[in-house]
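One structure is given here, and the rest of the page talks about it.
The values are calculated or read from the model by the stated rules, or taken from the named source; none is laboratory data. A quick note: this is a predicted structure, and the numbers were derived from the prediction, not measured. Cβ coordinates were reconstructed from backbone atoms using ideal geometry, including for glycine residues, and neighbour counts include every protein chain displayed.
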Amino acid sequence: MVEFIDKGNTVFVGGNPDAQVGVVKGTPPYLRTYADGNWTNNLLSLPRF
């Protein structure tokens, strides 16, 4: 997913409202969502499959 986003693609997590997913350039890079004008960690609240 990190590579996919870094190539210029846009990803959203569905919700109310939807949240855009971005890449944090850490070591290693990781995903984070941007919602309501703030970087958040609401990916942690998603169900695991």
Going by the conditions given, is Gly8 in a loop (DSSP other than H, G, I, E, B), modelled with pLDDT of 90 or more and not β-branched (Val, Ile, Thr)? yes
Picked from region 10-35 (must be over 9 Å from the mean Cα position of the chain (by Cα) and within 19 Å of Pro47 (Cα to Cα)), the residue surrounded by the fewest Cβ atoms within 10 Å (Cβ to Cβ) is Asn16
Per-region count, region 11-29, residues small (Gly, Ala, Ser) and not in a strand (DSSP E or B): 3
